[in-house]
């Protein structure tokens, strides 16, 4: 049998098989390895955040409120209803960077657990809003204080504790920006061409570090850092709080993913 004949026979066999075979799709779901094993926790406590940057947004309180709201809707863990801790002040008390003279106000902080305000009330916490992102990092020694977090966890029945740092600050950048411009040729036909222009742009940068702590032992289980920025034309006046929520929307799926077992859904085609 020649090569051509063999090829024809093979093609005929494939055609016959295809005619006698039906195809059907099967839905499959592949679980992904979770970032964090939360199976032994029943509660989650959003303790608060060491925050700094813009004086227009209380990043400690706003971040705690937002995460509590999202977790109540998306997590099976019970969200502890507790006041947000003034962690910047507590970190200074525990030996972090010296606190600004007027940051503490006139009230003392009993036992290191005085509230900074609940979800439904509270004025802004008097953070050192002029500090840089590098200066804010000097307060992170509080997260290594195992006894502090263990005592806090004991108070709330050993929950998973979510805390960390949040830096939110105005941000400027100038440079060449590509935009699209409509032009018309000699026959009146319209087309768009890229145009590069120099612009001053203003916006905000959000740099949070989320730290998950075991409330039973006070040890850190998992850490996740993000950095997002948004820029507008210099003539555009966008409120700081609006930009903060827009930036948080970008990173929330990653943070909330630590609280659930995610999976990838798809289909496979099988022969029958």
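Derivation of every value follows stated rules applied to the coordinates shown; laboratory data play no part. Quick caveat, the model's predicted, so the values are computed rather than measured. Neighbour counts run over all protein chains shown; Cβ positions are idealised from the backbone, glycine included.
List of remarks:
- Between residue 172 and residue 43, the simple spin-label model (points 7 angstrom out along Cα→Cβ) gives 4.8 nm.
- The packing ranking of peptides 183-193, 72-82, 163-173, 232-242, highest mean first, is 163-173, 72-82, 232-242, 183-193, where packing means the average number of other beta carbon atoms within 10 angstrom of each residue.
- For the pair residue 256 and residue 94, label points projected 7 Å from Cα toward Cβ lie 2.9 nm apart.
- Gained length - residue 154 relative to residue 192, 0.36 nm times residue gap less alpha-carbon distance: 7.3 nm
- In this simple spin-label model, placing a label point 7 Å from the Cα along the Cα-to-Cβ direction at both residue 74 and residue 220 gives a separation of 2.3 nm.
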